[in-house]
1. Give the residues of region A:458-495 that are loosely packed, with under 10 Cβ neighbours inside 10 Å, at pLDDT below 80 and within 14 Å of another protein chain (Cβ to nearest Cβ), sorted by residue number.
2. Report whether or not B:Leu321 is of a type in the set (A, V, I, L, M, F, W, C), away from chain A (no Cβ under 14 Å) and at negative phi.
3. I need every pair where a residue in region A:1-25 that is closer than 16 Å to A:Glu149 by Cα has its Cβ under 8 Å from the Cβ of a residue that is aromatic (Phe, Trp, Tyr), sequence separation at least 6 or different chains.
4. Suppose we keep only residues that are part of a loop (DSSP other than H, G, I, E, B) and not aliphatic (A, V, I, L, M) within region B:262-294. Which one would you say is farthest from the other protein chains (Cβ to nearest Cβ)?
5. Would you check which residues across region B:172-208 are within 14 Å of chain A (Cβ to nearest Cβ) and in a helix (DSSP H, G or I) and list them?
6. State whether the residues of region B:272-288 include one that is touching a helix residue (DSSP H, G or I) at 6+ places or on another chain (Cβ under 9 Å), closer than 16 Å to B:Ile239 by Cβ and among the small types (Gly, Ala, Ser).
7. Of the conditions (1) surrounded by fewer than 18 Cβ atoms within 10 Å (Cβ to Cβ); (2) within 25 Å of B:Thr18 (Cα to Cα), B:Val212 satisfies every one except a single condition; which number is it?
Amino acid sequence: MTDSTATKLKQQLNELAKKGTKHLSQLRHRHALEQGWQAAIKSVWFYPAILLIAALVDVAELAKFEQQPFYYFGLVLIPLLVFVVRYFQAASQYEIDRRLALALYDHHLASKDRLQTADEFLNISNPSSFELAAIEDSKTFIEKALNAELPKKELSAPVLTVAKWRSLATAASLTVLAILLPFINLGFNTDIAEKQVDSTQLLSAISTSQDANQVESELSVNRKASGIKMRSSQSDSASEAGEEESQMKAKPSQPKAASDASSQNSSAQQNQSNTAGSGASSQSSSSKQQQQKKEKPATKKKTNSQTKQQDQKKQKNSSAAGVANGKGSTSGQQPANSDKAAAENKARQEDESDSTDEAEEEEDEEQKANSSSGPKKNKRKAPVDRKLGVTGQSEQENDLANGRGGPGGLKKTRGVAAMLLGVPMPDRLQGSPNPGRTKSIQEQSQPEQQQVAQTNSEDHGARNGAVGEVPEKPLLPWIKQVITKYFVAQRSDETTKQ
Amino acid sequence: MEQHSINVNEQAEKFKHTFTQIKTEVSNMMVGQDDIIEGVLTALLAGGHVLLEGVPGLGKTMLVSSLSKAVNLQFSRIQFTPDMMPADIQGTTVLTETESGGHELTFQEGPIISNLVLADEINRATPKTQSALLEVMQEKQVTVGRRTIKMDEPYCVMATQNPVEQEGTYPLPEAQLDRFLFKLVVGYPTEQDYHTIIDRTTSGEKVEIAPVTDAETLREMRDIVRSVPVPEAAKSYAIRLVMGTQPHSEYAPESVNAYAALGSSPRGIQGLMLAAKVQALLNGRFAVSCDDVKAIATPVLRHRLVLNFHAQANGVSADSLITDVLNHVPVPNTVS
């Protein structure tokens, strides 16, 4: 290859590199634009969302927003910033150089790296024959590349896809909502305020009426029911039964109490355990509870506290009912009567709390006596089997228990069989077991000179005595000859080497 | 300069012609399996050794024996068995009778000292015996006692192993595997090939393999292969591929990190380059391209990947990992 040919080839490759670089720059610009545009579209709804949140959080401040329209510049500014950042980020990902430009042509012409190879080999000062041949081989492809037009890459997606339109529409709607929300919100809040005022007034008025009493009594029943549900989950099954019994008694009594209170006081006194009615009802109810507790000595302190709460609630109801009864009062005398009733209720509550404390103490003593006398019957459970679950939780489990023990199905599933690996294992090991990797470390150490104590040679004298029988190997003569020849030959090799 | 170019063209043409001749001759005996024949020839011309893996009856042994006849090389076959000792392969000193009636110790060369060695069922021998091949495969010499014997070029070990019958076998250690340039997996023939096999082997027709080249020509061809230059892009790509097989390296895909215990060694890149040079010459080019490297990556790298337990449990093969590496590693100077 002559120098002129090499120079010509270099010029041609330079031209190709320029064209390729230009093309790649365009591609990079388009790619960056695309990326930036996508990121900007995605970020469009961000600022409107902030505006909307601000509007929701503080309506009064939004009025200022309204007065300061430059706050809405963010609608344009943030997407613009995002676009610029993403553009430069995407553009900086690609570094364009000469090799990349030539590789573009190689790829386009399927020339198997011939242009890159030629460019590389042309810069070698003393190319080998194969390198020269490779340069020669690339000539035709360089010619082709000079005449070839690189395909112009179109934008991979339309400017505005449905998804992009959606985000734009979302942003627009959010902005509109953020702008309009102060007006909508203010009206809504005034309505609420007005409604709140009305409702408080109404409540105070209703609290004095009989209808309100009925409502209150119903509410208290509901509260009780919910309270009992909560307690039932905590208490034992035996105490639950007791509770349910008392509830069964209490439930139908409350609507009765309301109706009785309206009719006559005497009936309320008769239904002492039903709580609502006269002031003496609380005392009578506590005495009846004590009787119930005597009947069921297994009940615990929990139930006592629960009954306490119930009584308190009942007192509340009774106060309401007392107001309703009015003890002969009319609705026109309500404020004075209500004060009186409140004072009476306070006194009753104090008395009742004292009585309930006494009842609790008595009950504890009884419980202690029972526990010392014999085992609690309600604590008796089915014989324990070896299941891993808690025994005696249900009747079904007790039925299954045979008292003989032994692992159940549940335990079997948790046994050794369940611990086996779930991965397929080859039934044979391939080859011999590997003892593992060994690592040998060689440390270089300099030889150290050591002092050796001098020892004087001594004459040990000649050793006397018979050596004994030295057995000779019964070698055949020809073997002796061969061995002699072997060693003689070997020594001769050594001497020649030396 | 022009003269140089003409010479190179001639050399490349001669290389291609000889290659095609050998392939055609071997194909007379070996039906189908073009990829395997090309692989074996590529390894022979690149100066490497080949490990042929396949179930019995696919013609692995016949391929190697046919090749030895076609290239007219000194051929020896070693049937590996569990009781075989290194001395059985390398040779030993034996007592012989002289003409004069005396006796002397002489060195009896083992079958390993040849040009083309067929190590049949290599995994049946113990690691001790397998290790006897290490020196000869890497350094092309055998040391027995105080005697070191240099092998004549071209020297090539072609080993076969059966992947199915693993009982009573000893898998080749990594050091041994790494010394093979290619691991070629021999598959079943196609339907059309079966017809030809029946006609050729069950009739009275006798197929004779004629020698089409010799050791000297093969040596020249090896020199030509080593003369092929490798541009920077192809070098970078080969390096990236080898690094891609090494777990937790820069170019390793997730699958390699998860399933590979060991990746390819630097021997792998030597093998990649030599085999890619042969590919370039066969494709009529004077320099290696990235496509050449890609084409021979699987047979060069598959036996250099050591898979971990997770890979074995999940049925992940070395080939699938190499495919992942090829898909993951970018070709240098490409516009994505």
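The values are calculated or read from the model by the stated rules, or taken from the named source; none is laboratory data. Everything numeric in this text was worked out from a predicted model, so none of it was measured. Quick reminder, even Gly has a Cβ in these numbers, built from the backbone with ideal geometry, and neighbours come from all protein chains shown.
1. Matches in region A:458-495: A:Glu494 only.
2. Numbers: of a type in the set (A, V, I, L, M, F, W, C): yes; away from chain A (no Cβ under 14 Å): yes; at negative phi: yes.
The answer is yes for B:Leu321.
3. A:Leu16/A:Tyr105; A:Gly20/A:Tyr105; A:Leu24/A:Tyr94
4. By that ranking, first place goes to B:Ser264.
5. Answer for region B:172-208, where residues must be within 14 Å of chain A (Cβ to nearest Cβ) and in a helix (DSSP H, G or I): B:Glu174, B:Ala175, B:Gln176, B:Leu177.
6. Yes, that holds for at least one residue.
7. All conditions pass for B:Val212, except number (1).
Here's the yes/no breakdown for (1) outside the structural domain of B:Gln161 (by TED's automatic domain parsing); (2) farther than 17 Å from B:Glu254 by Cβ; (3) touching a helix residue (DSSP H, G or I) at 6+ places or on another chain (Cβ under 9 Å); (4) of a type in the set (A, V, I, L, M):
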position	(1), (2), (3), (4)
B:Ala295	yes, yes, yes, yes
B:His303	yes, yes, yes, no
B:Asn308	yes, no, yes, no
B:Ala311	yes, no, yes, yes
B:Ser320	yes, no, yes, no
B:Asp324	yes, no, yes, no
B:Asn327	yes, no, no, no
B:Pro330	yes, no, yes, no
B:Asn333	yes, yes, yes, no
